Each structure stands twice: as C-alpha cells, then as structure tokens.
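**Student:** Following this message is one structure expressed as structure tokens.
The values are calculated or read from the model by the stated rules, or taken from the named source; none is laboratory data. For clarity, every value in this text was computed on a predicted model and none was experimentally measured. All Cβ positions, even for glycine, are placed from backbone atoms using ideal geometry, and neighbour counts span all protein chains on display.
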Amino acid sequence: MQWLPVPVHGSASSETILEKTRMFKDRKDAALQLAKALDTYKDSGAIVLGIPRGGAETAYYVAKHLGAELSMLVSRKLGHPSNPEYAVGAIAEDGSIYLNPKAQSGLSEETINKLEEQQQKEIERRIQFLRKGEPLPELKGKTVLLVDDGIATGSTVFAAIKLCRNKGAAKIVVAAPVSGREKKRELLEEADEVVILETPDLYTGVSQVYYNFYNLTDQEALEFMERWKEEQ
C-alpha cells in the first residue's frame, strides 16, 4: 500500500491551522498513543470492539496493548437519500437505531425504514466476512471499549453505544484519536467515559490529524482480526 500525504484545501491561514493538527503518523501511531491513554484497563478483562473498517486497525493495537479480547461491532451510517455522505443516523447489528433529530428532518418514516433495510443487508454481509458469522462476545456485566480511528458525525458510535446498553454492558468507554469538541460532549451524555486524544479547534474530518491516511478495505480489516486470533 502506497502512503500518500493527506491533502489540505482552503485559505493559507486555514491550511496552516490544519497542518498543525496533524498529530499522528498513521493509524498505528494513533492507536498506540490511544492504547497508552487507556492503560487503566490493561489486563482488566475489558472487551475491545472496533468499528470497521478504520476502527479495525485502531482496535487491534489497543486490544494487543491492553491484553483485551477483540471483536468487530458492525454499525452502519444511514446516508441521506439526496447525499449519502450526510448521516441521517446509524443502525447497529442488533437493530439498535440512532437518528440525528436535525438530519432526519423532512424525511418520512417510510424513507428511514428503507434506509435501515438497505444497511441491514450490508451489516449481515460484514458480519459474515469480518467475523465469519460468529456472534459478538458476551457483553453483559463487562467493560466495553468502543474504538474507532476518529469520530466525525458520531452516528455509528451512538448506535454502537445503544447496542452495548441493550446487551447489558456494565461500563461503556468510547475511545478514538480525534473528534470534534461538541461531539465529545454529546458522547459523554451517552457513554460512561470518553477518551479522545485530540479535539482540534478547526475540525473538518478524521483524516486531518493524520500525515498518512487511507480507507481500509474489508480484506485489510479482516487481516487485523486474523492477526489477533493467531497471536492468542
């Protein structure tokens, strides 16, 4: 895989500000720093759940450092019909739904249901591919660390939190290298703890804190799960 620098667009002043927010060489570097920030959970019996695809790599290094169990929790964004990149909300693999009150404005219940049905098919495909159809670990009474490579809208994380609550997790910790400040505050209202390394003043997206960043493929996400199993 050829590493390419993350492009920065905008005025000279905004480019300078964004350049200063690049704190991590790549996902591995960010993950190792995040893992150290989670040292309190080392050898504690906590379960690390990565949110694929990007969260697969981050979660692998976190779980390895902490000596924790690792799995992938599949949660999918519900993209707006007119702009799929704009999240209306998200759905987790158990059917837990998070809907952004502002984003879903103007959409009918029928439209939202259709978006959910579309993503449920993709969720099932990813479960079969990334976990070989295996269920999530038992979460009841456990400390769960929800890990991603960064948080933008937070939709998939909010849906994942709901899943963990539904499954009786004793404590839910959201952990990521970067998020917006307002999003971190919102997450603190839903999770028991939130560990975010960077909350830039000017936050335009997850990639801005990385010198090298690219989207993982399903196969690359799977390889991190396979590596973890081989190392156990």
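**Student:** Quick check on the stretch 166-177: of everything there that is within 21 Å of ALA63 (Cα to Cα) and touching a residue at least 40 places away in the same chain (Cβ under 8 Å), which residue is farthest from the chain's Cα centre (by Cα)?
**Tutor:** Per the criteria, the residue is LYS167.
Matching residues to (1) touching a helix residue (DSSP H, G or I) at 6+ places or on another chain (Cβ under 8 Å); (2) under 30 Å from GLU230 (Cα atoms):
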position: LEU34; (1), (2): yes, yes
position: SER44; (1), (2): yes, yes
position: LYS77; (1), (2): yes, no
position: ALA92; (1), (2): yes, yes
position: LYS114; (1), (2): no, no
position: GLU117; (1), (2): no, no
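**Student:** Report yes if GLU134 is part of a loop (DSSP other than H, G, I, E, B), surrounded by fewer than 21 Cβ atoms within 10 Å (Cβ to Cβ) and either touching a Leu at 6+ places or on another chain (Cβ under 6 Å) or not small (Gly, Ala, Ser) (or both), otherwise no.
**Tutor:** Spelling it out, GLU134 is indeed part of a loop (DSSP other than H, G, I, E, B), surrounded by fewer than 21 Cβ atoms within 10 Å (Cβ to Cβ) and either touching a Leu at 6+ places or on another chain (Cβ under 6 Å) or not small (Gly, Ala, Ser) (or both).
**Student:** Still on this model: Give the number of residues within the stretch 216-226 that are touching a helix residue (DSSP H, G or I) at 6+ places or on another chain (Cβ under 7 Å) and either more than 29 Å from ARG125 (Cα to Cα) or not aromatic (Phe, Trp, Tyr) (or both).
**Tutor:** 5
**Student:** Consider ASP39 carefully, then state whether it is surrounded by 12 or more Cβ atoms within 10 Å (Cβ to Cβ) and either modelled with pLDDT of 75 or more or farther than 21 Å from GLN219 by Cβ (or both).
**Tutor:** When the stated conditions are applied, ASP39 does not pass them.
**Student:** Which residues, counting only those in the stretch 42-66, are surrounded by fewer than 24 Cβ atoms within 10 Å (Cβ to Cβ) and polar (S, T, N, Q)?
**Tutor:** Correct list: SER44 only.
**Student:** Let me ask something else about it. Kindly provide the set of residues from the stretch 190-232 that are under 29 Å from GLY168 (Cα atoms) and in a loop (DSSP other than H, G, I, E, B), ordered by number.
**Tutor:** Residues satisfying the conditions are ALA191, ASP192, GLN232.
**Student:** Another question, then. How about the stretch 56-92: which of its residues are in a loop (DSSP other than H, G, I, E, B) and either in contact with a Lys or Arg (Cβ under 8 Å, 6 or more places away or on another chain) or under 23 Å from ILE196 (Cα atoms) (or both)?
**Tutor:** Correct list: GLY67, ALA68, LEU73, VAL74.
**Student:** Checking ILE127 against (1) more than 18 Å from ALA221 (Cβ to Cβ); (2) in contact with a Gly (Cβ under 7 Å, 6 or more places away or on another chain); (3) in a helix (DSSP H, G or I), only one condition comes out false. Which one?
**Tutor:** Going through the list (1) more than 18 Å from ALA221 (Cβ to Cβ); (2) in contact with a Gly (Cβ under 7 Å, 6 or more places away or on another chain); (3) in a helix (DSSP H, G or I), ILE127 breaks only (1).
**Student:** Could you check the stretch 137-149 and list, in sequence order, the residues that are closer than 13 Å to LEU49 by Cβ and either in a loop (DSSP other than H, G, I, E, B) or of a type in the set (Asp, Glu) (or both)?
**Tutor:** Answer for the stretch 137-149, where residues must be closer than 13 Å to LEU49 by Cβ and either in a loop (DSSP other than H, G, I, E, B) or of a type in the set (Asp, Glu) (or both): PRO137, GLU138, LEU139, LYS142, ASP148.
**Student:** What do you reckon, is LEU187 part of a strand (DSSP E or B), under 13 Å from the mean Cα position of the chain (by Cα), surrounded by 19 or more Cβ atoms within 10 Å (Cβ to Cβ) and not β-branched (Val, Ile, Thr)?
**Tutor:** no
**Student:** Using the structure shown, decide if ILE112 is outside any strand (DSSP E or B), hydrophobic (A, V, I, L, M, F, W, C) and farther than 23 Å from GLY54 by Cα.
**Tutor:** So ILE112 passes the test.
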